[in-house]
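Heads up, the thing below is written out as structure tokens.
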Amino acid sequence: MSRGDMAKPLLGHRSMEGDPDSTPAASRTIGVLGSGDFARSLAIRLVCSGFKVVVGSRNPKRKASLFPSAAEVTFQAEAVKKTDIIFVAVFREHYSTLCDLADVLAGKILVDVSNNTEINHHKESNAEYLASLFPACTVVKGFNVVSAWTLQSGARDGNKQVLICSNNQEAKRTVAEIAQLMGFTPVDMGCMSSACEIENIPLRLLPAWKIPIFLALGLFLCFFTYNLIRQVIHPYIREQKNKLYKIPIEVVNTTLPCVAYVMLSLVYLPGVLAACLQLYHGTKYRRFPDWLDQWLQHRKQIGLLSFFCAALHAVYSFCLPMRRSHRYQLIETAVKQAVEKKMNVWVEEEVWRMEIYISVGIIALGLLSLLAITSLPSIANSLNWREFSFIQSTLGFIALVISTLHTLTYGWSRAFDENQYKFYLPPTYTLTLLVPCTVILAKVIFNLPCIQQRLLRIRRGWEKGRYVKFVLPSATGEYSSGETSSNV
């Protein structure tokens, strides 16, 4: 769902006790036309919510056993006569089969719950098409963004929002009350012209994840190719050694931390750019460029993908000693040491480097796990804003710093070893340090008192060049007003 959808107001909820015209749930009868999966789930949810349910089916005897015993299953014409609110749970292509019921349906509220198979598959929405077939009825679009599983399991196990639109306000209010009594949160999406937008929502495949996923795949391909050249192609050309066996594990395991590290830094880089723009313009009321605004909105997804790559890196690293090639290399190394009669091969520096490297990596992964967990809506809703900001901002930046230490410890003195430059290409980890170190340096600069205070004033509403009124006491004790620039 787009950001604008979430900003639309909720439908007002009328008190069932204070409104004499409202019908208690236990005595209200709801009709359902259709006998598919969604119709069955809808009937179950309505019955559990205290409604009387009558289901209209073309073959009630065969379908009756599929519905709860409390629901009455009868022919469509009989079901329509017993209620004024009817959920139309049939496909668009079957709407025409209901035309024989046009006279009986006149004056009733039809709730269209259908979806299309493709985005904008038809010129008009399903709800608008249904309204054109039954002009004497009031059509309301709703419940199409709720899955059959959510209806059966209850709102607590799925999305609680039910998007509703119609040209009739009273009909929308009635359907909204039903949704609230079922445990859902109705969201007013306006008039019937919004039905097309509502019907497209369930068809979108991870709309907020497309850019982050393509970004992660792009980084993975770039680093994978770079590592392939250094670890496989270089030994083959220079030493005629076949290192293709490294591709499934070693090359991938060298690529994953690079992607995770850069993606983590890209979570905090847009905040740095936004702060630079605010300092440059001297105001927080100037709109960011569209690319930066989109970047800021995708930080959550970028961070979760960073955690995913880091977790895969940990699993791959854990599996490295299990490879057959690793065992052969250990045996080969042991044989060489025996031939050379080396009794003590302990290198203190390498031991400390690996101990610190692994320890810092575990801490970084732990912090990334905490960031990923607190980004889940169920966990984030249990935190106040200060707690959430502390974890996502402060601890997130600490995770970036520790990840940088993890990378530096891995490199140690290798960056100065000429043997590490294959085809004159620097080691991969040196390339990954560019963006994170830029972010860390910028954060340090922004924490300098002179810059931090100015940025804090801007974010509290101060603007460069804006004149503000002030009041000064005169010599007689009276107060006089004047103006000055907030830039002073």
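Taking the criterion of being within 17 Å of Arg414 (Cα to Cα) and open to solvent by 70 Å² or more (accessible area, probe 1.4 Å), the residues of the stretch 327-353 that qualify are Val347, Glu348, Glu349, Glu350, Trp352. The residues of the stretch 423-458 that are closer than 26 Å to Gly282 by Cα and part of a loop (DSSP other than H, G, I, E, B), listed by number, are Asn447, Leu448. Look at (1) open to solvent by 20 Å² or more (accessible area, probe 1.4 Å); (2) under 30 Å from Thr150 (Cα atoms); (3) within 29 Å of the chain's Cα centre (by Cα) and you find that Asn200 fails only one, number (1). With respect to Tyr245, determine if the residue is on the phi < 0 side of the Ramachandran plot and in contact with a strand residue (DSSP E or B) (Cβ under 8 Å, 6 or more places away or on another chain). No, not satisfied. Within the stretch 258-267, not a single residue is over 16 Å from the mean Cα position of the chain (by Cα), touching a residue at least 24 places away in the same chain (Cβ under 8 Å) and open to solvent by 30 Å² or more (accessible area, probe 1.4 Å). Scanning the stretch 53-95 for residues that are touching a Gly at 6+ places or on another chain (Cβ under 8 Å), charged (D, E, K, R) and assigned to a helix (DSSP H, G or I) yields one hit, Glu78.
Restricting attention to the stretch 300-315 and to residues that are open to solvent by 70 Å² or more (accessible area, probe 1.4 Å) and either within 14 Å of the chain's Cα centre (by Cα) or not β-branched (Val, Ile, Thr) (or both), the residue that is modelled with the lowest pLDDT turns out to be Lys300. Checking each residue in the stretch 101-112 for being more than 20 Å from Leu42 (Cβ to Cβ) and not in a loop (DSSP other than H, G, I, E, B) picks out Ala102, Asp103, Val104.
Any idea which of Gln297, Gln240 is on the phi > 0 side of the Ramachandran plot and open to solvent by 40 Å² or more (accessible area, probe 1.4 Å)?
Matching residue, one of Gln297, Gln240: Gln240.
Here Leu256 clears all of (1) modelled with pLDDT under 95; (2) assigned to a helix (DSSP H, G or I) except the condition numbered (1). Pairing each residue of the stretch 352-376 that is basic (Lys, Arg) with any residue that is open to solvent by less than 30 Å² (accessible area, probe 1.4 Å) and part of a helix (DSSP H, G or I), provided the two are 6+ apart or on different chains, yields C-beta distances under 7 Å for Arg353/Thr409.
Being within 28 Å of Leu371 (Cα to Cα), of a type in the set (S, T, N, Q) and surrounded by fewer than 16 Cβ atoms within 10 Å (Cβ to Cβ) holds for only one residue in Asn419, Asn447, and it is Asn447.
Here are some residues: Phe318, Phe388. Which one is farther than 28 Å from Lys246 by Cα and in a helix (DSSP H, G or I)? None of the other options fit; the residue is Phe388. Set side by side, the residues Leu368, Leu408, Leu383 differ, and just one is surrounded by fewer than 20 Cβ atoms within 10 Å (Cβ to Cβ), assigned to a helix (DSSP H, G or I) and among the aliphatic types (A, V, I, L, M), which is Leu408. With respect to being assigned by the TED database to the domain that holds Ala195, crowded, with 19+ Cβ neighbours inside 10 Å and in a helix (DSSP H, G or I), Leu98 fits the description.
Assess whether Ile373 counts as being within 19 Å of Met263 (Cβ to Cβ) and either of a type in the set (Lys, Arg) or open to solvent by 80 Å² or more (accessible area, probe 1.4 Å) (or both). So Ile373 fits the description; yes. Here is the figure for the stretch 82-123: residues that are touching a residue at least 60 places away in the same chain (Cβ under 8 Å) and of a type in the set (A, V, I, L, M) total 6. Within the stretch 102-127, the only residue that satisfies the criterion of being acidic (Asp, Glu) and either within 18 Å of Gly36 (Cβ to Cβ) or open to solvent by less than 10 Å² (accessible area, probe 1.4 Å) (or both) is Asp112. Between Ser389, Ser413, the distinction of being under 34 Å from the mean Cα position of the chain (by Cα) and either without any contact (Cβ under 8 Å) to a residue 12 or more places away in the chain or exposed (fewer than 12 other Cβ atoms within 10 Å of the Cβ) (or both) belongs to Ser389 only. Taken over the stretch 359-403, the criterion of being under 21 Å from Thr432 (Cβ atoms) and among the β-branched types (Val, Ile, Thr) is satisfied by Val360, Ile362, Ile363, Ile398, Val401, Ile402.
The values are calculated or read from the model by the stated rules, or taken from the named source; none is laboratory data. In this text the structure is predicted, and so the values were computed from the model without any measurement. Heads up, the Cβs are rebuilt from the backbone with ideal geometry, glycines too, and the neighbour counts pull from every protein chain shown. Keep in mind that these areas ignore ligands, DNA and RNA; they rest on the heavy atoms of the full protein, side chains included. Shrake-Rupley method; radii C 1.70, N 1.55, O 1.52, S 1.80 Å.
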